[in-house]
Amino acid sequence: MRTKTVTMLIIAFVVSGFSNQSVAQLTGQQVIEKVYNNPSGDDTQGNLSMTLTNNRGEQRERNLKQYIKDDGKVEKKIMYFLSPADVRNTSFMNWSYSDGQSDNQWIYLPALKRVRRISSDSKSDYFMGSDFTFDDLGDRHPNQDSHKLLREETIDGKECYVVESTPKESGYIYSKTITWVMKDNYLGLKREFYDDRSTLLKVLTIKNYAKIDGFWTILETEMHNVQRDHKTTIKFTEVQKNKGIPDSRFTERSMTLGS
Amino acid sequence: MKLKIAITTLLAIVFMGQAKAQEKLEITGYARNYTGVLTGGDNEFSIVQNTLNLKFEKNSNKVAFKVNPYLHHYFDSDLELGLREAFLDLRFENFDVRVGKQQIIYGKSEGVFITDVVSPKDLKEFLLPDFDEIRMGITAAKVNYYFGNSTVEAVWAPVFTPTQMPEMNSIWRPTMPFPMAPTYDYTTAKIKPSLENSELFLRFSNMGSFADFEIVGGYFWDDDPSMHITKQINPITMQLTGLTVRPEHHRLTMGGASFSMPLGPTIVKAEGGYYSGKLFQTQTPTIPDATIERDYLHYLVGLEYSLAGIMLSAQFIQENILDYEQGIRNDEIESTMTFLAKKSFLREKLWLELFAYVGLNNKDALIRPKVSYGFADGFDILLGANIFVGDKGRFGQYNANDMVYVKLKYSF
């Protein structure tokens, strides 16, 4: 009887030990999958204000309104450009597919008065002259990179996993990224981007986040190109989640009629 | 005068509206100086134009309106007031109705007009202005019905608007192949506004993950008049003593389609139209008024591709006169190509662009390099050149009109 009790205690200890270990030692892949699968709602809408600051401190500002809807297979996003004046009423729409199919993209230029399909194979292009590439603004699937948990670290009082991600494809714009993921909500708090010579190129920092309509949401983020000392700050305002954006929002009609 | 009154009235309405609902009325537009100088001869200015373009818009879920007056001031003439668009929108759940003066654009091609036959062209400065300025608004009622990602559009234009041609003494007046200076008879040049003289257009379009496509049809007046020629011949000497040219517009029927689709990193597009009822000039002496009716095809294939941040585009266009016969002044098949290369620098503050039309039949071309710099948000400086190559053909005929120009534009 006594032997049996000791055996049970050992088993319980071993099992609980393994259990604790499995929580503490998530793999890099698992951490990034948790970030990727973080619930963000079926749809999101809000205003986006982008401030570009060069190394002399000169600033330019762009304002957009955006709607995003994800049905699990296709993520549809439409952006309406509100300012500056020369791009006002331009709209941009992107359909991104979970099966890996290339994105579809369209642009509506009010001067041309028609919706044009554009090539989506330019994800390394910078968005509206900012420090964000189109790829930075999208959701990169975890399977596109190899992930390695480097360490655990506390920054700004937040306990984080630090994960290094190396692209599986050759010729990707970054040789690697390092992401600080908050343990309590699996939001990325900071990310470093390294160029093709493995030199630090850009640092992304989350400045503000909150739970909106029950979903963790980034409200302010800054991308700092440390090589050129150029920064872009994006602020999201009037954010709303799961308000039932209709499919008709993501059509030619919607692009031409505006926000 | 009527136009001025109309604009004044509209502006008054708009400003009264502004007083009542200032927070919702949007006023945007631009001020621009456009100065061009010919590089040949005495380096004359080809254009010195100051423009104020205003857009008044008000939108709600159910109704909207837009008024777009513009004012051009030229160094060598009076002020020119115009109304590019002025329309009202009624919006319903699945359809919209737009009534008034409006620009309506069809097709997928860039810089080429194939199925894009609804809005006529302002060719006072050939094809050099921006395309929103080349396309004129027409007075029309347009209904769009939407289902899924598809749209059915019907346009009824009760009043015919012809192509705006350059003035007689303009350097952009196209070459007329007459053996002597003709006398013009404009008695049949205008189309009487009436129900039976209306124009009708129909379009079905679909936008999807695989491709976007359009099917269009139209029953309309040829925007370009046919030149009916009467010869006066001395019965004794049998010498040509006079020519009378009578411009007249004729009905055209057109059916066409266009599509664009991604093929890997490339966008492939095509557009084609079949035109019935077109009158071509002929030199066949037995045809009394020097015109002959023939159907024709107008079509295009094009590619767009991005390489190292450079947007590249090429289009191949053909106009093919069917049942061709000797004597027709146009070639049976006329081929043209367009090329575009465009790249931004300095975080989209600096843009370099090279666009070219190349006429393959006459070995002529129009080459248009441009560089624009965003001096501040909304303020752009554009330097460009228009270089005409060849000595005949659509572009070569303007060989003496090579020019450089600068545009300063402030958008607000």
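The values are calculated or read from the model by the stated rules, or taken from the named source; none is laboratory data. Worth saying up front: this structure is predicted, and the values here are computed from it rather than measured. Methodologically, a virtual Cβ is constructed for each residue, glycine included, from the backbone with ideal geometry; neighbour enumeration extends over all protein chains shown.
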By residue number, the members of the stretch B:182-232 that are among the charged types (D, E, K, R), without any contact (Cβ under 8 Å) to a residue 24 or more places away in the chain and over 26 Å from B:VAL245 (Cβ atoms) are B:GLU196
Members of the stretch B:164-201 that are among the β-branched types (Val, Ile, Thr), closer than 27 Å to B:THR284 by Cα and assigned to a loop (DSSP other than H, G, I, E, B): B:THR175, B:THR187, B:THR188
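So which residues in the stretch B:370-412 are of a type in the set (A, V, I, L, M, F, W, C), surrounded by 17 or more Cβ atoms within 10 Å (Cβ to Cβ) and farther than 14 Å from B:ILE171 by Cα, if there are any at all? Give the derivation first.
Taking the stretch B:370-412 as the starting set, the residues that turn out to be of a type in the set (A, V, I, L, M, F, W, C) are B:371, B:375-376, B:379, B:381-383, B:385, B:387-389, B:395, B:400, B:403-404, B:406, B:408, B:412.
Filter once more, keeping what is surrounded by 17 or more Cβ atoms within 10 Å (Cβ to Cβ): B:379, B:382, B:387-389, B:395, B:403-404.
Passing the criteria: B:PHE379, B:LEU382, B:ILE387, B:VAL389, B:VAL404.
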Collect the residues in the stretch B:92-107 that are surrounded by fewer than 18 Cβ atoms within 10 Å (Cβ to Cβ) and either in a strand (DSSP E or B) or more than 11 Å from every other protein chain (Cβ to nearest Cβ) (or both), keeping them in residue-number order. B:PHE92, B:PHE95, B:VAL97, B:VAL99
Considering the stretch A:89-100, residues that are within 12 Å of chain B (Cβ to nearest Cβ) and in a strand (DSSP E or B), and then whichever is farthest from the chain's Cα centre (by Cα), we arrive at A:MET93
When you check B:GLU110 against the structure, is it surrounded by fewer than 21 Cβ atoms within 10 Å (Cβ to Cβ), touching a residue at least 40 places away in the same chain (Cβ under 8 Å) and at the interface with chain A (Cβ under 9 Å from one of its Cβ atoms), yes or no? yes
Taking the residues in the stretch A:57-83 that are acidic (Asp, Glu), within 13 Å of chain B (Cβ to nearest Cβ) and not in a loop (DSSP other than H, G, I, E, B) as candidates, determine which candidate is farthest from A:SER119 (Cα to Cα). A:GLU61
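Which residues, counting only those in the stretch B:202-216, are surrounded by 14 or more Cβ atoms within 10 Å (Cβ to Cβ) and either among the aliphatic types (A, V, I, L, M) or part of a loop (DSSP other than H, G, I, E, B) (or both)? Give the steps one after another, and end with the answer.
Step one: filter the stretch B:202-216 for residues surrounded by 14 or more Cβ atoms within 10 Å (Cβ to Cβ), giving B:202-207, B:209, B:211-216.
Answer for the stretch B:202-216, where residues must be surrounded by 14 or more Cβ atoms within 10 Å (Cβ to Cβ) and either among the aliphatic types (A, V, I, L, M) or part of a loop (DSSP other than H, G, I, E, B) (or both): B:LEU202, B:MET207, B:SER209, B:ALA211, B:ILE215, B:VAL216.
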Find the strands (runs of 3 or more DSSP E) located wholly in the stretch A:179-233 whose residues include 2 or more that are more than 18 Å from A:GLY138 (Cα to Cα) and at pLDDT below 95, and list them. A:200-212
Return yes or no: is A:SER124 more than 21 Å from A:LYS34 (Cβ to Cβ), within 10 Å of chain B (Cβ to nearest Cβ) and either part of a loop (DSSP other than H, G, I, E, B) or within 15 Å of the chain's Cα centre (by Cα) (or both)? yes
By my count, strands (runs of 3 or more DSSP E) wholly in the stretch B:246-355 with at least 2 residues that are modelled with pLDDT under 95, touching a strand residue (DSSP E or B) at 6+ places or on another chain (Cβ under 8 Å) and not hydrophobic (A, V, I, L, M, F, W, C) are B:266-281, B:291-307, B:333-345
Just one of (1) within 21 Å of B:GLY208 (Cβ to Cβ); (2) in contact (Cβ under 8 Å) with a residue 12 or more places away in the chain; (3) within 9 Å of chain B (Cβ to nearest Cβ) trips up A:TYR108, so point out which. (3)
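For every residue, the table says whether it meets (1) farther than 30 Å from B:MET261 by Cβ; (2) surrounded by fewer than 17 Cβ atoms within 10 Å (Cβ to Cβ); (3) in contact with a Cys (Cβ under 9 Å, 6 or more places away or on another chain); (4) among the small types (Gly, Ala, Ser).
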| position | (1), (2), (3), (4) |
| --- | --- |
| B:MET136 | yes, no, no, no |
| B:LYS142 | no, no, no, no |
| B:GLY148 | no, yes, no, yes |
| B:THR163 | yes, yes, no, no |
| B:PRO174 | yes, yes, no, no |
I'd like to check something: does the stretch B:220-239 contain any residue that is at pLDDT 95 or above, in contact with a strand residue (DSSP E or B) (Cβ under 8 Å, 6 or more places away or on another chain) and not in a loop (DSSP other than H, G, I, E, B)? yes
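If only one of A:ASP103, A:ASP86, A:ASP131, A:ASP135 is within 11 Å of another protein chain (Cβ to nearest Cβ), under 24 Å from A:ASN63 (Cβ atoms), surrounded by 15 or more Cβ atoms within 10 Å (Cβ to Cβ) and within 15 Å of the chain's Cα centre (by Cα), which one is it? Let's see the steps before the verdict.
Working: A:ASP103 fails: within 15 Å of the chain's Cα centre (by Cα); A:ASP86 fails: within 15 Å of the chain's Cα centre (by Cα); A:ASP135 fails: within 11 Å of another protein chain (Cβ to nearest Cβ).
Going through A:ASP103, A:ASP86, A:ASP131, A:ASP135 in turn, just one is within 11 Å of another protein chain (Cβ to nearest Cβ), under 24 Å from A:ASN63 (Cβ atoms), surrounded by 15 or more Cβ atoms within 10 Å (Cβ to Cβ) and within 15 Å of the chain's Cα centre (by Cα): A:ASP131.
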Among the residues of the stretch A:152-169, count how many are modelled with pLDDT of 90 or more, on the phi < 0 side of the Ramachandran plot and either surrounded by fewer than 16 Cβ atoms within 10 Å (Cβ to Cβ) or within 11 Å of chain B (Cβ to nearest Cβ) (or both). 7
Can you report the number of residues in the stretch B:325-362 which are surrounded by 14 or more Cβ atoms within 10 Å (Cβ to Cβ) and touching a Gly at 6+ places or on another chain (Cβ under 9 Å)? 18
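A quick yes/no check of all residues on (1) in contact with an Asp or Glu (Cβ under 6 Å, 6 or more places away or on another chain); (2) more than 22 Å from B:PHE213 (Cα to Cα):
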site	(1), (2)
B:SER276	yes, yes
B:PHE280	no, yes
B:PRO285	no, yes
B:TYR299	no, no
B:GLY302	no, no
B:ILE310	no, yes
B:GLN315	no, no
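Out of A:GLU252, A:GLU238, I need the residue that is in contact (Cβ under 8 Å) with a residue 12 or more places away in the chain and surrounded by fewer than 18 Cβ atoms within 10 Å (Cβ to Cβ). Which one? So that I can check it myself, show each step before the final result.
Working: A:GLU252 fails: surrounded by fewer than 18 Cβ atoms within 10 Å (Cβ to Cβ).
After applying the criteria, what remains is A:GLU238.
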